[in-house]
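Take a look at the following structure, please.
The values are calculated or read from the model by the stated rules, or taken from the named source; none is laboratory data. Model, not experiment: these values are computed from the prediction. Cβ placement follows ideal geometry from the backbone for every residue including glycine, while neighbour counts extend to all protein chains displayed.
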Amino acid sequence: MFCVIYRSPLRDQTYLYVEKKDDFSKVPDALLKGFGKPRLAMVLTLEGREKLANADINKVKQGLSEQGFYLQLPPPVENLLNLHLVADKKV
């Protein structure tokens, strides 16, 4: 299984995985509008891979087979002040 990965010009660390290059027919219009004009990042095969750098390969495969696309969102931003306060209370 091949996938084509596009990055969002509007949202940092947001990627859209589709099965075929420039085929966004299965991606909802509202999602594409918020994503911006997709910029090609890479093409890769999922066969023989056990993991991807920043996405769960099983979720990517499932999204591609069930929906025809997979949206990778950035990890949540950690609030360093809250982490410090919690750690400080433990001392």
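Take the residues of region 45-61 that are touching a strand residue (DSSP E or B) at 6+ places or on another chain (Cβ under 8 Å) and not charged (D, E, K, R): which is modelled with the lowest pLDDT?
This residue is Asn54.
Of the numbered conditions (1) touching a Ser or Thr at 6+ places or on another chain (Cβ under 9 Å); (2) aromatic (Phe, Trp, Tyr); (3) more than 22 Å from Pro75 (Cβ to Cβ), Phe35 fails exactly one; give the number of that condition.
Of everything listed in (1) touching a Ser or Thr at 6+ places or on another chain (Cβ under 9 Å); (2) aromatic (Phe, Trp, Tyr); (3) more than 22 Å from Pro75 (Cβ to Cβ), Phe35 misses just condition (3).
Turning to a different aspect of this structure: May I ask you to say which residue of Val43, Val86, Val18 is of a type in the set (A, V, I, L, M, F, W, C) and touching a Gly at 6+ places or on another chain (Cβ under 9 Å)?
It is Val18.
Next up: Among strands (runs of 3 or more DSSP E) lying entirely in the chain, which contain 3 or more residues that are surrounded by 11 or more Cβ atoms within 10 Å (Cβ to Cβ) and over 11 Å from the mean Cα position of the chain (by Cα)?
So the answer is 2-7, 39-45.
Select from region 9-25 the residues that are touching a helix residue (DSSP H, G or I) at 6+ places or on another chain (Cβ under 8 Å) and among the charged types (D, E, K, R) and write down the one among them that is modelled with the lowest pLDDT.
Selected residue: Arg11.
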